[in-house]
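The values are calculated or read from the model by the stated rules, or taken from the named source; none is laboratory data. Bear in mind that the values here come from a model prediction, so they are computed numbers and not experimental data. Reconstructed Cβ throughout: ideal geometry from the backbone, glycine too, with neighbour counts over all protein chains shown.
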Amino acid sequence: MDRSVPGRIGTTLPPLDVPIQTLPSPELLRNELEMPEVSESELVRYFSQISQFNFSIDHNFYPLGSCTMKYNPKLNDEMAGFPGMSEIHPHQPEGTVQGALQLMYELQRILAEITGMAMTGLAPMAGAEGELAGMLMTRAYHLDRGEPGRTKVLIPDSAHGTNPASASMAGFEVVEIPSDSNGNTDIEALKFAVGNDLAGLMLTQPSTLGLFDTNITEVVQIIRNAGGILYGDGANLNALLGRVKPGELGFDVIHSNLHKTFTQPHGGGGPGAGAVMVGKRLVPYLPTPVVEKIEEPNGVARYILGKPEKTIGRMGGFHGNFGALVRAYSYIRTLGDQGIAQVSEDAVINANYIMSQLKDVYELPYERTCMHEVVLSARKLKRDYGVSALDVCKRLIDYGIHPPTMYFPLVVEDALMIEPTETESVETLDHFIDVMKKIAVEAKCNPDLLHEAPHNAPNSRLDEVAAVRRPDLRWKRSSANIQ
Ligand SMILES: *Cc1c(COP(=O)(O)O)cnc(C)c1O
């Protein structure tokens, strides 16, 4: 910290009441590490100021597509903070954590109900880990049936990037399936790709184009007939909650990001929970543990950490991200059936409202009703004025709005993927729409304003390649990182 003054201290330690310890030998000490020397008030100001550099949903609108940055009610954090939730230890005897296990058991049941599946595994700690669990179950299933030759997983080109990574980590060969001109899975290409070596298909529904794949029944038939497993990426179930059950559509396994669809502050990459819900034939392979309920003869229920018969094993230490599970449970129970269905209605209406207001200013690649998010393209601005999706996004920062996801999905040139979520008011949406229109005018009249944006953020335009290849994350006395 540049405010450091030698000899200044920020705390007063009480007199020593333990034996003095000797330091490790000098070669183990890193004397070159300079500790900032500041007073307590300077330290508080320093951290308070840098905390304001963070952008968060508690500050402003955050339409980051596919990430579902909805408002997370504080009530759920409070529930997770109760001592009975936050101060228990995974090594405690089961008899002493019956309440926590009951909560997990009920969440398993509720998620299976919401998705129309037979059973839930709560162990995965991220969406991508849920995918990996699903792929490992797919592998175990085929091996168990004596079909080791099923080595291929088909993935549409509109899938989330984690899908091919997860399939390949589980040892499968990934085959890409193109989208057709409506943004659905291309049926002819799918038929051509299935064979005796088919392990399964991973489908994001709604797709990352924000569209409901209306070819779904045909897709299910083709994969079923070829003996494959149908995997659903339900990271964002916002558009389907209380309306469509993936299990009834024919999916064998689906994961949901509890941190997106349900609740959990997750800016900056965590923490999360990627519950996996499975149909009957995959139940024996679920990751360990699953919570089981045992009815005692005296009528009292007891909850235990169970191990599915042919489990793929653990997804990490202990039992999953328990705090995220508590929040999801609290969120779902607060909303109830009707509230959950309202979530999907509002999420879809908000996205379609933005689409209707901006489709003539930015380009709409697929002229269809969207689901919980809308993908627009900045292609026209690039062609006419040399302004890219990146420039538009950087300019949004100047207006205090978090940029949407950009350049994704890859099938749309200069994509702007906008997910308003259900928790925003019409005034906020109108403000966003106005700003997006204003930026389109600026692109025409003063493109350099956009090329050089952001102008009033703590950092100006970064060299993104250098930031990735040579990240400079350490404070050094010479640097002028933070003033
Ligand atoms: C966010 C997301 C994922 C990955 O989830 P993580 O929790 O970040 O691992 C997978 N698929 C889709 C469609 C997503 O939006």
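Look through the range 233-261, keep the residues that are in a loop (DSSP other than H, G, I, E, B) and in contact with a strand residue (DSSP E or B) (Cβ under 8 Å, 6 or more places away or on another chain), and return whichever of them is nearest to the ligand (Cβ to nearest atom).
The initial filter retains those residues of the range 233-261 that are in a loop (DSSP other than H, G, I, E, B), namely 234-245, 250-252.
Checking the rest, the ones that are also in contact with a strand residue (DSSP E or B) (Cβ under 8 Å, 6 or more places away or on another chain) come to 234-237, 250-252.
Numbers: GLY234: 8, ALA235: 3, ASN236: 5, LEU237: 10, GLY250: 19, PHE251: 14, ASP252: 17 Å.
Looking at the filtered set, the residue picked out is ALA235.
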Notebook entry, point to check: Which one of HIS142, HIS91 is assigned by TED's automatic domain parsing to the domain that holds LEU240, over 30 Å from PRO6 (Cβ atoms), at pLDDT below 95 and not charged (D, E, K, R)?
Noted result: HIS91
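Hey, among the residues in the range 225-270 that are of a type in the set (Val, Ile, Thr) and closer than 21 Å to GLY320 by Cβ, which one's surrounded by the fewest Cβ atoms within 10 Å (Cβ to Cβ)? Don't jump to the end; show me each part of the working.
Going through the range 225-270, the residues of a type in the set (Val, Ile, Thr) turn out to be 229, 244, 253-254, 261, 263.
Okay, now just the ones that are also closer than 21 Å to GLY320 by Cβ, so 253-254, 261, 263.
Details: VAL253: 32, ILE254: 30, THR261: 30, THR263: 26.
Out of the qualifying residues, it is THR263.
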Next item on the list: Give me a count of the residues in the range 124-138 that are farther than 12 Å from PHE172 by Cβ and within 11 Å of the ligand (Cβ to nearest atom).
Entry: 7
Note to self: Need pairs with beta-carbon distance below 7 Å; first residue at negative phi and buried (at least 20 other Cβ atoms within 10 Å of the Cβ) and within the range 318-334, second hydroxyl-bearing (Ser, Thr, Tyr) and outside any helix (DSSP H, G or I); sequence gap 6+ or separate chains.
What the structure shows: ARG327/THR263; ALA328/THR263; TYR331/THR263
Check: Is at least one residue of the range 264-273 part of a helix (DSSP H, G or I) and either within 16 Å of the ligand (Cβ to nearest atom) or of a type in the set (Gly, Ala, Ser) (or both)?
Finding: no
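Does LEU122 meet the test of being in contact (Cβ under 8 Å) with a residue 60 or more places away in the chain, in contact with a Leu (Cβ under 8 Å, 6 or more places away or on another chain) and more than 15 Å from LEU286 (Cα to Cα)? Steps first, please.
Working: in contact (Cβ under 8 Å) with a residue 60 or more places away in the chain: yes; in contact with a Leu (Cβ under 8 Å, 6 or more places away or on another chain): yes; more than 15 Å from LEU286 (Cα to Cα): no.
It is false that LEU122 is in contact (Cβ under 8 Å) with a residue 60 or more places away in the chain, in contact with a Leu (Cβ under 8 Å, 6 or more places away or on another chain) and more than 15 Å from LEU286 (Cα to Cα).
Please pick out the residue among GLU309, GLU292 that is part of a strand (DSSP E or B), more than 28 Å from MET417 (Cα to Cα) and of a type in the set (Asp, Glu). First the steps, then the outcome.
Details: GLU309 fails: part of a strand (DSSP E or B).
Selected residue: GLU292, the only one of GLU309, GLU292 that is part of a strand (DSSP E or B), more than 28 Å from MET417 (Cα to Cα) and of a type in the set (Asp, Glu).
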Check: From PRO90, PRO63, which residue is closer than 30 Å to ASP346 by Cβ and touching a residue at least 24 places away in the same chain (Cβ under 8 Å)?
Finding: PRO63
Next item on the list: Please identify the pairs in which a residue from the range 154-168 that is under 19 Å from THR405 (Cβ atoms) has its Cβ atom under 9 Å from the Cβ atom of a residue that is among the hydrophobic types (A, V, I, L, M, F, W, C) and within 9 Å of the ligand (Cβ to nearest atom), counting only partners at least 6 apart or on another chain.
Entry: HIS160/ALA128; HIS160/ALA235; THR162/ALA126; THR162/ALA128; THR162/ALA235; ASN163/ALA128; ALA165/ALA128
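For THR185, indicate whether it is surrounded by 24 or more Cβ atoms within 10 Å (Cβ to Cβ), β-branched (Val, Ile, Thr) and within 13 Å of the ligand (Cβ to nearest atom).
no
Taking the stated definitions as given, is PRO206 within 13 Å of the ligand (Cβ to nearest atom) and farther than 19 Å from GLY279 by Cβ? Give the derivation first.
Details: within 13 Å of the ligand (Cβ to nearest atom): yes; farther than 19 Å from GLY279 by Cβ: yes.
Answer is yes for this residue.
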Checklist line | Residue list for the range 360-410, filter: over 24 Å from THR185 (Cβ atoms), over 22 Å from the mean Cα position of the chain (by Cα) and in a loop (DSSP other than H, G, I, E, B) | finding: ASP360, VAL361, TYR362, ALA378, GLY386, VAL387, SER388, TYR399, GLY400
Next item on the list: Just one of (1) within 14 Å of the ligand (Cβ to nearest atom); (2) closer than 30 Å to VAL300 by Cβ trips up ALA112, so point out which.
Entry: (1)
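Restricting attention to the range 155-179, report how many residues are more than 14 Å from the ligand (Cβ to nearest atom) and surrounded by fewer than 16 Cβ atoms within 10 Å (Cβ to Cβ). So that I can check it myself, show each step before the final result.
Applying the first criterion (more than 14 Å from the ligand (Cβ to nearest atom)) to the range 155-179 yields 168, 170-179.
Add one more test, that the residue is surrounded by fewer than 16 Cβ atoms within 10 Å (Cβ to Cβ), and what stays is 168, 171, 173, 176, 178.
Qualifying residue count for the region: 5.
Of these, GLU363, GLU367, GLU419, GLU424, which one is free of Cβ contacts under 8 Å to residues at least 24 places away in the same chain and crowded, with 16+ Cβ neighbours inside 10 Å? I'd like the intermediate steps shown before the answer.
Working: GLU367 fails: crowded, with 16+ Cβ neighbours inside 10 Å; GLU419 fails: free of Cβ contacts under 8 Å to residues at least 24 places away in the same chain; GLU424 fails: free of Cβ contacts under 8 Å to residues at least 24 places away in the same chain.
Answer to the check: GLU363.
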Margin query: Restricting to the range 209-232, name every residue that is within 18 Å of PHE408 (Cα to Cα) and either out of contact with any strand residue (DSSP E or B) (no Cβ under 7 Å at 6 or more places or on another chain) or more than 16 Å from the ligand (Cβ to nearest atom) (or both).
Written below: LEU211, PHE212
Notebook entry, point to check: Could you give every pair whose Cβ atoms fall below 8 Å, whose first residue belongs to the range 25-48 and is among the aromatic types (Phe, Trp, Tyr), and whose second residue is outside any loop (DSSP other than H, G, I, E, B) and surrounded by 10 or more Cβ atoms within 10 Å (Cβ to Cβ), counting only separations of at least 6 or pairs across chains?
Noted result: none
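Can you name every residue in the range 5-22 that is closer than 14 Å to SER41 by Cα and among the β-branched types (Val, Ile, Thr)?
Start the filter on the range 5-22 by keeping residues that are closer than 14 Å to SER41 by Cα, which leaves 5, 8-12.
Matches in the range 5-22: VAL5, ILE9, THR11, THR12.
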